[in-house]
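What follows is one structure encoded as structure tokens, with my remarks underneath.
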Amino acid sequence: MDTKVIKPEAEGRGDRTLKIVGTSPVRPDGVPKVTGLARYGADYALPGMLWGAILRSPHAHARIRSIDSSKASALPGVKAVITSADFPEQKYEFVGPERVAINFWHMTRNVMAREKVLYEGHALAAVAATSKIIAEAALRLIEVDYEVLPHVIDVDEAMQPGAPLLFEDMITRGIDPPPNEASNIAKRIEFSIGDLDAGFAAADEIVEMNFKTAPVHQGYIEPHACLARFDNKGQGEIWAASQGHFVVRAFTARLLDMNIGDVLVHPAEIGGGFGGKTVIYVEPLAAALSRKSGHPVKIMMSREDVFKATGPTSGASMTVRIGVKRDGKLVAADGVFKFQAGAFPGSPVMNATMCGFAPYNIPNVRSVGYDVVCNRPKSAAYRAPGSPISAYAVESVMDAVAAKIGMDPLQFRLVNACRTGTPTVWGPKHAHDGCAETLKALLAHPAYAAPLGRNQGRGVASGFWFNNGGESSATVHVNEDGTVVVATGSMDIGGSRASMAIMAAETLGIEYEDVRAIVADTASIGYTHVTGGSRVTYATGIAVVEACRKVITELCARAAMIWSVEKDQVSWEDGSARRAGAGKHEPLSLKAIAAKRALTGGPIGAEASVNAGGAAPGFASELCDVEVDTETGSVKILRFVVAQDVGRAIHRSYVEGQMEGGAVQGIGWALNEAYVYDDAGHLLNAGFLDYRIPVASDLPMIETVLVEVPNPNHPFGAKGAGEVNIVPVMAAVANAINNAIGRRMTELPMSPPKVLAAIHTAPGK
Amino acid sequence: MSEILYEAPKTLEAAVALLAGAGGQARVLAGGTDLLIQMRAGRVVPGLLVDIKGIVEMTTIVAENGGFRFGAAASCMELVEHQAFAREWPGVTDAVKLIGSVQVKGRATVGGNLCNASPAADSVPALIAAGAVARIVGPGGTREARVEDIPAGPGRTTLADGEIVVSLFLPPRPARSGDAYLRFTPRTEMDIAVVGAGVNLTLDETGVCTHARVSLGAVAERALLVPEAAAALIGSKVDEGALGRLAAAASAACRPIADKRGTREFRVEVAGVLARRAAGIALDRARRKG
Amino acid sequence: MAKHHVSATLNGNDVEFLCETQQTLLEVLRDELHHTGTKEGCGTGDCGACSVTLDGRLVCSCLVLGVEARGKSIQTIEGMAEGTSLHPLQRKFLEHAALQCGVCTPGILIAARSLLERNPDPSEEEVRFWLAGNLCRCTGYNKIIEAVLDAAREMRGG
């Protein structure tokens, strides 16, 4: 579709012309993926392999009085049965940065229930048997004595005094002094700048609204699956589809009380994750079953298991109040964000409190968050975790504020857009531009001026996401024939092998086709953090470029040796070593140097491991046109434009693909996706038939505008591009529906019955 | 673990004998698009599957006495791709087209859609509106039944033990006849009907409706034939007034549940909307067949 | 208890396998015949990742029993390329970056080929509706639709 690239004038970089960065070559791993030969998590097998199956709770909340697996163990073909007794107890402590803190006491209980089951689908035993059919039959023979307990699903209800408690002794963190009573509120957080009361007192107009959102699932098409093999020396191997095989290694080793070095994790191809595969579910169970049975064990989740037992993102209950001067300047903003964590603490509410107001320069802000447990699967990361939820509330109120003061909603945002130096609610000042540029791109887009028909409406919204850097490793090896292999520890979830190969080829000055990029296992490359937080092209890209630069230094040294000159007499340009000084000298190509490697010191290669700081955040501004069927409440997406600051696109098509995919996930979230529970806490729509992710016929072509405000901290200016595209979507759709029918939709999903009910109460348009 | 037997008889007689011999433990396997899911979920544990796709009269589509007879086990895609049938019964064809994806229609059958007895089955209201008659064989021989008399409630039919729906007969079409089926789903495809409405009507030379049948799906425990809604059309020129009365009668006939797919109020309201819209399409089709 | 002994053809080659009644064709392809290119996304016919053709008819292999394949011709993703020569759809999917994670890709390629066999010149809307049974969560479908339309154009000789 119509793709525009906007390069702001103040680019601030005097680069030579880039040859490969910004193009869209075919990915190195392409052919196996179109011929069915690429191996995903479920595609591995070993001789003597057993099938694992997991017993899951039928109750939303129950105490486990006893588990009797003797009949299951006695079934012919059953080789091992495990329960929580096969996993050591973990210390109760939160480790790591607060925004993504982990508590292994919780993790081991989520992987295998101990004292209680906390949601329908919670694992509490697993078996390994010689066939799937036998393993399933064995599960039916496990006898569990449950004491069924009252449960709580809704976040507001879970916060009420007297609500059923998931953890009878959990005291809310983040309140000083701590409360005396236990509750389901795991944590309270608050950020503020300025003087909120003075800010609202100075406002000419104030808008306050309440919102609710439903938990939604990442909806990756590949269910979680892995194969594990443990030997009698206490070492193990795992083949798993994950967003981070180093994290799988670390978590699995911890839960099994093993040394990290005794676990080797092979990165299977991953069939989508969107954050949901940054955590572990089946890996420690397969490993424990393999360790106990002495055979390789494979576990595949069913789709029903995926919906019932893996991470959705939180549903939320929110209140947002914004004050503005008549001239459009924001003066105060206040948000309260209550997030469902699911059965264990750790919703992305902290992100939500930080991101919600981040696109704007507001002098007086308070942002309060609550992390609340309830009897649902534990939430997991989902594309810019937390930010889309608070953005739905904030950007809806922003739209209402613009209408109230009679300003164009994009101009209103532009007047208030953050820039380098704008304070954030969490302390540091913004260090990068990009927000205003996306708004200007949308203002200039023909879609913004296009006429609308009857029952049609247009909405816009903006969003912010941090983007991450962090730890990554890469090796670059020059092959005997002068081709190059780049290995990294980053799982390739959407074409990152291609972007790594592009950056290596560009740096080395050689052809893209002469570079092959692979994902190395945990024993073959240095530690690399997850493929998440839009960090791979940035952080792993920096590692690749750094390794390439080391290789260039070495190539120059080899050329100096060949020419018998000092190293400083040699420079690298366009893929060849060039000799300085008088006289004409033929350059030495990488291929020529590689051919003489044995004479000059042997194989040529380099490794780089980085902990990359300096990641720049992502901003996106988006436009949505809808048509509402006023007799049925059905909303049709007519047009959708994503303008996103990507820093610089490394592989253009895959950057567009991230933006298109993020927009469509947001459209599903906006219109139809939701977990539906019955009164007993059973999930009623644990399948793709009734958990309605968008299908091809629901959608128009998504239009993308790649705004490029380069990040000077990356060799080519890249910013993370994977996530921020989803942040504004629900608000853009809600604002478009409001524009069409004159009613604010304050609850997600904006499904036909809700829209029709709203139409019946609408003042008319 | 109990073994599941599988048989693929070539004749109706053999199929009936297998079912009769299984003491209620047998299930008929047609397309399997519902049965396999029920088996996987453990909701159905059959002792014997009788695969009836090898029986000729159950899988063929033929012209008969000016109408059409199609085997209950013919795949939905075979029916959808049958051009003469689609010309004569565009509403039934539209309904069959809405049964799942292309892949699902490659296996699913109209007989299965009927006998699975989901109140939301898409083909059933269209067949009821069309006046379709099912041929049924069983231990007691062969009988005929109107489609509206087969579903009894969710997952239940009026078929006796061991009976199989063999084929469905759609009667000859008078001139100036048209049919239509519409359903409401949140997505454009891949959903179960929240409401379905089938309308079949015939006009005289002056454009007055002389015959109409209206059926609604997913608004009661089974698909409903709604004579009151048809009565709103008969004798009219299917004008705005008649369509309004049709919509009101359709909504009044609903007795839906609220579930994960829709609320009660929504179903009642939208049933009227869809009946009116379907009647408009059927009217256009009838006029073009003048 | 005796398993069924089934003979069929898989991508034109004769195959034989043993299966239990309840084993689906998908399970037989993956677990017995080691053709893991066909993926399980849902097991209930709602995602299309397991699409294959059976006697030329596009189906979800999770909704077919292995024993039902007796005597039939099964076509899977592994048989789509001719030797070393990719099918135009496979090439266009790579050129258009129509896959991100790639797990839905085999099913979509099989479904798209089935469409182009019946309709060599589909509209965008026809492609979108034909592929509605194939879920993709990564791409938002843009590039998939573009790749199918482009492949159709090339196969028509345009």
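The values are calculated or read from the model by the stated rules, or taken from the named source; none is laboratory data. Computed from a predicted structure; not experimentally measured. Cβ: placed from backbone, ideal geometry, glycine included. Neighbour counts: every protein chain shown.
Only one entry of B:Thr206, B:Thr202 meets the criterion of being at negative phi and exposed (fewer than 15 other Cβ atoms within 10 Å of the Cβ), and that entry is B:Thr206.
From A:Ala474, A:Ala487, A:Ala441, grab the single residue that is touching a strand residue (DSSP E or B) at 6+ places or on another chain (Cβ under 6 Å), in the same structural domain as A:Asp645 (by TED's automatic domain parsing) and at pLDDT 95 or above. Break it down stepwise before answering.
Numbers: A:Ala474 fails: in the same structural domain as A:Asp645 (by TED's automatic domain parsing); A:Ala487 fails: in the same structural domain as A:Asp645 (by TED's automatic domain parsing).
Just a single option satisfies the conditions, and that option is A:Ala441.
For the stretch A:270-314, residues that are in a loop (DSSP other than H, G, I, E, B) and within 30 Å of A:Val676 (Cβ to Cβ) total 18.
So in the stretch C:75-95, with the set limited to residues that are in a loop (DSSP other than H, G, I, E, B) and touching a residue at least 24 places away in the same chain (Cβ under 8 Å), which one is farthest from C:Leu54 (Cα to Cα)? So that I can check it myself, show each step before the final result.
Residues of the stretch C:75-95 in a loop (DSSP other than H, G, I, E, B): C:76, C:80-81, C:83-84, C:86-87.
Checking the rest, the ones that are also touching a residue at least 24 places away in the same chain (Cβ under 8 Å) come to C:76, C:80, C:87.
Values: C:Thr76: 9, C:Met80: 14, C:His87: 19 Å.
Among those that are in a loop (DSSP other than H, G, I, E, B) and touching a residue at least 24 places away in the same chain (Cβ under 8 Å), it is C:His87.
Can you pull out the residues in the stretch A:276-295 that are surrounded by fewer than 24 Cβ atoms within 10 Å (Cβ to Cβ) and either within 14 Å of another protein chain (Cβ to nearest Cβ) or charged (D, E, K, R) (or both)? Scanning the stretch A:276-295 gives A:Arg291, A:Lys292.
In this structure, A:Thr23 qualifies as within 14 Å of chain C (Cβ to nearest Cβ), modelled with pLDDT of 95 or more and farther than 30 Å from C:Thr38 by Cα.
Among strands (runs of 3 or more DSSP E) entirely within the stretch A:423-500, having at least 3 residues that are over 26 Å from the mean Cα position of the chain (by Cα) and either on the phi < 0 side of the Ramachandran plot or not hydroxyl-bearing (Ser, Thr, Tyr) (or both) singles out A:456-465, A:470-478. Residues in the stretch C:96-146 that are among the polar types (S, T, N, Q) and either within 13 Å of chain B (Cβ to nearest Cβ) or assigned to a helix (DSSP H, G or I) (or both): C:Thr105, C:Ser114, C:Asn119, C:Asn134, C:Asn142. Of the residues making up the stretch A:154-169, those that are within 29 Å of the chain's Cα centre (by Cα) and buried (at least 16 other Cβ atoms within 10 Å of the Cβ) are A:Asp154, A:Val155, A:Ala158, A:Met159, A:Leu166, A:Phe167. Each residue in the stretch B:73-106 was checked for being assigned to a helix (DSSP H, G or I), over 27 Å from B:Arg287 (Cα atoms) and touching a residue at least 12 places away in the same chain (Cβ under 8 Å), and 6 of them qualify. Looking at the stretch B:113-154, the strands (runs of 3 or more DSSP E) lying wholly inside it that each contain 3 or more residues that are under 28 Å from B:Thr11 (Cβ atoms) and in the same structural domain as B:Trp89 (by TED's automatic domain parsing) sit at B:133-138, B:141-146.
Yes or no: C:Val28 at pLDDT 95 or above, crowded, with 21+ Cβ neighbours inside 10 Å and not in a strand (DSSP E or B)? Judged against the criteria, C:Val28 is a match. Here the condition is being over 40 Å from the mean Cα position of the chain (by Cα), at pLDDT below 95 and surrounded by 16 or more Cβ atoms within 10 Å (Cβ to Cβ); of A:Arg579, A:Arg558, it holds for A:Arg579 alone.
Scanning the stretch C:117-152 for residues that are among the hydroxyl-bearing types (Ser, Thr, Tyr) and buried (at least 24 other Cβ atoms within 10 Å of the Cβ), which turns out farthest from B:Thr185 (Cα to Cα)?
Our first condition is that a residue be among the hydroxyl-bearing types (Ser, Thr, Tyr); within the stretch C:117-152, this holds for C:123, C:139, C:141.
Adding the requirement that they be buried (at least 24 other Cβ atoms within 10 Å of the Cβ) leaves C:139, C:141.
Details: C:Thr139: 23, C:Tyr141: 20 Å.
Within the stretch C:117-152, the match that is farthest from B:Thr185 (Cα to Cα) is C:Thr139.
Go through the stretch B:143-157 and report how many residues are in contact with a helix residue (DSSP H, G or I) (Cβ under 9 Å, 6 or more places away or on another chain) and either aromatic (Phe, Trp, Tyr) or closer than 27 Å to B:Asn65 by Cα (or both).
Taking the stretch B:143-157 and keeping what is in contact with a helix residue (DSSP H, G or I) (Cβ under 9 Å, 6 or more places away or on another chain), we get B:146-148, B:150-151, B:157.
When the remaining residues are screened for being either aromatic (Phe, Trp, Tyr) or closer than 27 Å to B:Asn65 by Cα (or both), the result is B:146-148, B:150-151.
Going through the stretch B:143-157 one residue at a time, the tally reaches 5.
A residue that is more than 9 Å from chain C (Cβ to nearest Cβ), under 19 Å from B:Val137 (Cα atoms) and surrounded by fewer than 20 Cβ atoms within 10 Å (Cβ to Cβ) can be found somewhere in the stretch B:65-80.
Could you check the stretch A:342-371 and list, in sequence order, the residues that are over 22 Å from A:Phe619 (Cα atoms) and in contact with a Pro (Cβ under 9 Å, 6 or more places away or on another chain)?
Taking the stretch A:342-371 as the starting set, the residues that turn out to be over 22 Å from A:Phe619 (Cα atoms) are A:342-347, A:368-371.
Answer for the stretch A:342-371, where residues must be over 22 Å from A:Phe619 (Cα atoms) and in contact with a Pro (Cβ under 9 Å, 6 or more places away or on another chain): A:Gly342, A:Ala343, A:Ser347, A:Asp371.
In this structure, A:Ile175 does not satisfy being under 25 Å from A:Leu165 (Cα atoms), in contact (Cβ under 8 Å) with a residue 24 or more places away in the chain and either among the hydrophobic types (A, V, I, L, M, F, W, C) or in contact with a helix residue (DSSP H, G or I) (Cβ under 6 Å, 6 or more places away or on another chain) (or both).
Would you be able to tell me the number of residues in the stretch B:177-235 that are within 14 Å of chain C (Cβ to nearest Cβ) and acidic (Asp, Glu)? Going through the stretch B:177-235 one residue at a time, the tally reaches 2. Evaluation of B:Gly207 against the conditions (1) small (Gly, Ala, Ser); (2) assigned to a loop (DSSP other than H, G, I, E, B); (3) under 30 Å from C:Arg128 (Cβ atoms) shows that the sole unmet condition is (3).
Restricting to the stretch A:204-223, name every residue that is within 12 Å of chain C (Cβ to nearest Cβ), among the β-branched types (Val, Ile, Thr) and either assigned to a strand (DSSP E or B) or in contact with a strand residue (DSSP E or B) (Cβ under 7 Å, 6 or more places away or on another chain) (or both). Let's see the steps before the verdict.
In the first step, residues of the stretch A:204-223 are kept if they are within 12 Å of chain C (Cβ to nearest Cβ); the result is A:216-223.
After this cut, where a residue has to be among the β-branched types (Val, Ile, Thr) as well, the list is A:216, A:221.
Residue satisfying the conditions is A:Val216 alone.
Can you pull out every residue in the stretch C:43-61 that is farther than 19 Å from A:Trp51 by Cβ, in a loop (DSSP other than H, G, I, E, B) and at the interface with another protein chain (Cβ under 7 Å from one of its Cβ atoms)? Passing the criteria: C:Thr44, C:Gly45, C:Asp46, C:Cys47, C:Gly48, C:Ala49.
Considering only the stretch A:666-694, state which residues are within 18 Å of C:Cys138 (Cβ to Cβ) and either assigned to a loop (DSSP other than H, G, I, E, B) or at the interface with another protein chain (Cβ under 7 Å from one of its Cβ atoms) (or both). Give the steps one after another, and end with the answer.
Restricting attention to the stretch A:666-694, the residues satisfying the condition of being within 18 Å of C:Cys138 (Cβ to Cβ) are A:666-669, A:673, A:688, A:691-694.
A:Glu673, A:Phe688, A:Tyr691, A:Arg692, A:Ile693, A:Pro694 - these are the residues of the stretch A:666-694 that are within 18 Å of C:Cys138 (Cβ to Cβ) and either assigned to a loop (DSSP other than H, G, I, E, B) or at the interface with another protein chain (Cβ under 7 Å from one of its Cβ atoms) (or both).
What about B:Leu168, is it in contact (Cβ under 8 Å) with a residue 40 or more places away in the chain, surrounded by 23 or more Cβ atoms within 10 Å (Cβ to Cβ) and away from chain C (no Cβ under 14 Å)?
Working: in contact (Cβ under 8 Å) with a residue 40 or more places away in the chain: yes; surrounded by 23 or more Cβ atoms within 10 Å (Cβ to Cβ): yes; away from chain C (no Cβ under 14 Å): yes.
The answer is yes for B:Leu168.
Without any contact (Cβ under 8 Å) to a residue 60 or more places away in the chain and outside the structural domain of A:Gly722 (by TED's automatic domain parsing) - does that describe any residue in the stretch A:606-628? No, the stretch A:606-628 contains no residue that is without any contact (Cβ under 8 Å) to a residue 60 or more places away in the chain and outside the structural domain of A:Gly722 (by TED's automatic domain parsing).
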